[in-house]
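K.L.:
Just passing along the structure, written as structure tokens.
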Amino acid sequence: MALACAEAALRVAWSGEPYGLTKLAQQWQISPDDLAAALRCPHFGKALEQAHAARLAGGWSQRFRPVPVQQALQQIRLELALLRAGGADRQTRPSAVLPSRSVQAVRSSRSNR
């Protein structure tokens, strides 16, 4: 669930929508420099590939331990049910990683697509 949210946030930042570089780097568990390099890629697939390489070399596995698929599915279903019911405080949920539109995105060094 955390990885899917991180990928969605990367897509938002890569597409040029405002997103905080530091927040996104923390979400991916990579350095801001590695993240900035990924965001400069001309194609999203390459940006995603670079972010994943940095994630695997970084601290992701210490923060997010692998869990059995059934347990992961149960957690996702619970999160969705809480969000649908409006009973979850989005700021305190582990999956509350939707992009913030208030911070400038890093993309000035990326060439036009």
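Since every read-out is calculated from the coordinates, none of them should be taken as a lab result. Here the structure is a predicted model, which is why all the values come from computation and not from measurement. Neighbour counts are summed over all protein chains in view; Cβ atoms, including those assigned to glycine, are modelled from backbone coordinates with ideal geometry.
K.L.:
Region 1-71: D in µm²/s via Stokes-Einstein (Kirkwood Rh, Cα pairs, 37 °C, 0.692 mPa s)?
P.N.:
Numbers: Rh = 12.3 Å.
Diffusion coefficient, whole number: 268 µm²/s.
K.L.:
So how far apart, in nm, are the two label points at residue 2 and residue 23 if each is 7 Å from Cα heading toward Cβ?
P.N.:
It works out to 1.8 nm between the two label points.
K.L.:
Residue 69 to residue 41: extension gain in nm, 0.36 nm per residue of separation minus the Cα-Cα distance? Please report the intermediate quantities before stating the final value.
P.N.:
Details: separation 28, 0.36 × 28 = 10.08 nm, distance 3.20 nm.
Answer, rounded to one decimal: 6.9 nm.
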